[in-house]
Amino acid sequence: MDIMVKLNEQTVGRDKIIRLLQYGSRAYWYYAQNSRITQHSAEILRSLEYTFSSFRKLLRLGRCLDSLYSALKLMKYPDVGIRVTLTLSRIANALFLLADHIIWIGRVGLLRVNIEKWSKIANKYWLMNIIMNLTRDFIEIIKILEREGKDILMKTPKFSSNTWERYEMLFHLRNHKEVVMDTIKNGCDLFIPLTALGFTKFSPGTIGLFGVVSSIVGLYTLIHPLCKLTPP
């Protein structure tokens with residue numbers, strides 16, 4: 001109960017909880033819609049998914065300015081690779097959120113908006129954001145392997161047939177949960193805009209499962225801050 005209270009006190013925590021419910025609803029209604037017994041429940045959950053999505057858009061109003069401000073701060077980060085990837089990630093996230101705000105305005109009827117067009121724009125910027133985050137994750141992984149796996153790399157022949165020695169380097173990641181968690185989260189999120197833009201053909205149920213896994217990882221890092229990759 002204390003964990004729920006702690007998460008609910010944070011705007012990000014509430015967003016992650018609603019996100020979990022949103023994608024959980026999508027997965028459930030897709031896999032349940034073919035069952036006559038649960039067909040009515042599936043329709044209710046499909047409606048709930050839309051409601052959760054709109055609520056999350058409301059929670060994010062104004063967050064595009066936060067992302068732009070954080071991008072300015074990251075431009076002074078000492079590591080060039082991290083500075084470039086995270087700055088571009090924040091800019092892409094700000095543009096994604098701006099498009100998301102316009103979609104919300106159209107949904108509530110404040111202005112006439114081409115929601116399909118702006119959804120496509122939002123997904124393009126979200127995809128760029130995720131790609132930059134994944135690039136940063138790979139940079140962090142390479143650094144870990146170079147720093148902690150140097151001895152193994154030196155004694156492993158280039159064409160060694162001993163695959164165990166090759167994969168032994170990956171065990172160094174077990175002490176870096178923050179990198180592993182962030183990679184899993186971004187890896188799952190990657191297929192959501194890819195599918196929305198038509199680059200991949202995953203079903204709504206599979207996308208829902210990707211979103212559930214990503215949301216659980218996000219909630220875990222909020223509950224255990226030491227498992228959160230910094231700078232975020």
- Message: Please count how many residues of the stretch 108-143 are more than 23 Å from K185 (Cβ to Cβ), out of contact with any helix residue (DSSP H, G or I) (no Cβ under 6 Å at 6 or more places or on another chain), in a helix (DSSP H, G or I) and among the aliphatic types (A, V, I, L, M).
- Response: 1
- Would the stretch 1-22 turn up any residue that is modelled with pLDDT under 90, assigned to a loop (DSSP other than H, G, I, E, B), under 30 Å from I141 (Cα atoms) and not hydrophobic (A, V, I, L, M, F, W, C)? yes
- Message: Looking at the stretch 28-51, can you tell me whether even one residue there is in contact with a Leu (Cβ under 7 Å, 6 or more places away or on another chain), closer than 30 Å to S203 by Cβ and among the aliphatic types (A, V, I, L, M)?
- Response: no
- Selection over the stretch 60-72 where residues are assigned to a helix (DSSP H, G or I) and exposed (fewer than 15 other Cβ atoms within 10 Å of the Cβ) yields a count of 4
- For the stretch 73-97, enumerate the residues that are among the polar types (S, T, N, Q) and either part of a loop (DSSP other than H, G, I, E, B) or under 14 Å from the mean Cα position of the chain (by Cα) (or both). S89, N93
- Assess whether I105 counts as being of a type outside the set (K, R) and farther than 19 Å from N133 by Cα. yes
- Does the stretch 104-111 include one or more residues that are surrounded by 19 or more Cβ atoms within 10 Å (Cβ to Cβ) and within 22 Å of the chain's Cα centre (by Cα)? yes
- Hits in the stretch 199-226 - residues which are modelled with pLDDT of 90 or more and more than 14 Å from the chain's Cα centre (by Cα): F199, T200, K201, F202, S203, P204, G205, T206
- Item | Which numbered condition L229 fails, given (1) within 26 Å of T87 (Cβ to Cβ); (2) over 14 Å from the mean Cα position of the chain (by Cα); (3) not in a helix (DSSP H, G or I) | (2)
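The values are calculated or read from the model by the stated rules, or taken from the named source; none is laboratory data. Since the structure is predicted, the reported quantities are computational estimates derived from the model, not experimental observations. In this analysis, Cβ positions are derived from the backbone assuming ideal geometry, glycine residues included, and neighbour counts consider all displayed protein chains.
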